[in-house]
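Laboratory data are not the source of any read-out in this text; all were calculated from the coordinates shown. Keep in mind that this is a model prediction, so the values were computed, not measured. Neighbour counts are summed over all protein chains in view; Cβ atoms, including those assigned to glycine, are modelled from backbone coordinates with ideal geometry.
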Amino acid sequence: MTKAIRIEQNGGPEVMKYVDVEVGEPGPGEARVRHHAVGLNYIDVYFRTGLYPQPLPAGLGMEAAGVVEAVGEGVTHVKPGDRVAYASRPCGAYSQARVMPAAPLVRLPDAISDDQAAAMMLQGMTAQYLLRRTYPVKAGDTILIHAAAGGVGLIVCQWAKALGATVIGTVGSDEKAALVRQHGCDHPIVYTRENFVERVKEITGGEGVPVVYDSIGKDTFIGSLDCLRPLGMMVNFGSASGPVTQINTADLVSRGSLFFTRPTLFNYTARRADLEVMANELFDVVAKGTVKIEVNQRYALADVAQAHRDLEARKTTGSTLLMP
């Protein structure tokens, strides 16, 4: 038998159960993957609580790295023995092994470890599309990234700095401010005691920034709009404080014909060719040391409830792994 996390109802961390499951043989278009490391992401909380609905009972987790044990009919891009990683639906990465669609699996180069891959696929490819596709950051830009000490935030800080941008990042403590400064953030803002809108205006000489990357949601939405210069882009890619449920177009007009988008990774990786380009670019910047993946927390898979509590309490920094 294989161990996995299952939920039968939505709710708090206590709804996650560590149970025995049967893992069968892969069917057409599927692969069986033995996990070596599993990534923890805030999107997992959304599925656990029901903010993102899925049929129940269900698994959780969307990111892992391991080895292919078997493939089904029609699968040619991976084979048994390949080291692979993924960040994709359906949920179920919180497990020792699983049968899953083979399409999202990406082979890992020797330069990338299993722990690195499990810690960076979802967060790293999110950073890739944010910086390279949603708003292509170029040298000379000044950007604002909320939750700069989180997994996506630390990657964005390093990658944007390498692209020649000036990076402003919000954090919740002086310790996190020191951390993000070490990872390329030029101007950490401790939002618990500083008004981030006023500080952004001060840093930019009143001009504002061309783009805000905001994974917090409703608590920072209006403030983020106020940080933008005319024709700037508001990128709301998460809802840690709750979703933005109402958007008044007058708020965009009055601040200078702003753009607003609510992207998700899975639209950007829907085409296999795009997935491979994104993953390969991520692997390249990590292998070269341009972006360092910080795995700052590890939990046993059986202790996933505590991992979720710490994540929701913003006690974590960088990436977090569950060890199956």
query: Gain in length, Thr290 to Ile247, computed as 0.36 nm per residue apart minus the alpha-carbon separation, to one decimal in nm?
result: 11.8 nm
query: Mind checking which lysines have their C-alpha under 16 Å from Lys176, skipping anything on the same chain fewer than 8 residues away?
result: Lys315
The chain: calculated mean residue ellipticity at 222 nm from DSSP helix runs of at least 4, using -39500 (n - 2.57): -8500 deg cm²/dmol
field: Taking the convex hull of Cα positions in segment 106-166, its mean projected area over all directions (nm²)
entry: 4.5
- prompt: For Ala111 and Asp174 in the same chain, what is the full-extension length gain: residue separation times 0.36 nm, less their Cα-Cα distance, in nm?
  reply: 19.3 nm
- prompt: To the nearest Å, what is the center-to-center distance of segment 47-71 and segment 196-272, using C-alpha atoms only?
  reply: 29
- request: Estimate the FRET efficiency between Glu73 and Tyr52 by the formula 1/(1 + (r/R0)^6), using the beta-carbon distance for r and 22 Å for R0, to the nearest 0.05.
  value: 0.10
- line: Scaled by the rule-of-thumb 2.2 N^0.38 Å, the alpha carbon Rg for the chain gives a ratio of 0.99
query: Taking amide H positions as placed 1.01 Å from N in the peptide plane, with prolines and chain starts having none, which residues 5 or more places from Thr166, or on another chain, fall under 5 Å of its amide H?
result: Gly140, Asp141, Thr142, Ile143
statement: Once normalised by the length of segment 139-262, the mean sequence separation of its alpha carbon contacts under 8 Å that are 6 or more apart gives a contact order in percent of 21
task: Would you kindly state how much longer the chain becomes between Gln9 and Asp303 on full extension, computed as 0.36 nm times their sequence separation minus their alpha carbon distance, in nm to one decimal?
output: 104.0 nm
- request: Identify the trypsin sites (Lys or Arg not before Pro) of segment 224-292 meeting these criteria: DSSP loop state and at most 13 other C-beta atoms within 10 Å of the C-beta.
  value: Arg271, Lys288
Mean separation of Cα contacts under 8 Å, 6 or more apart, over the residue count of the chain: relative contact order %: 18
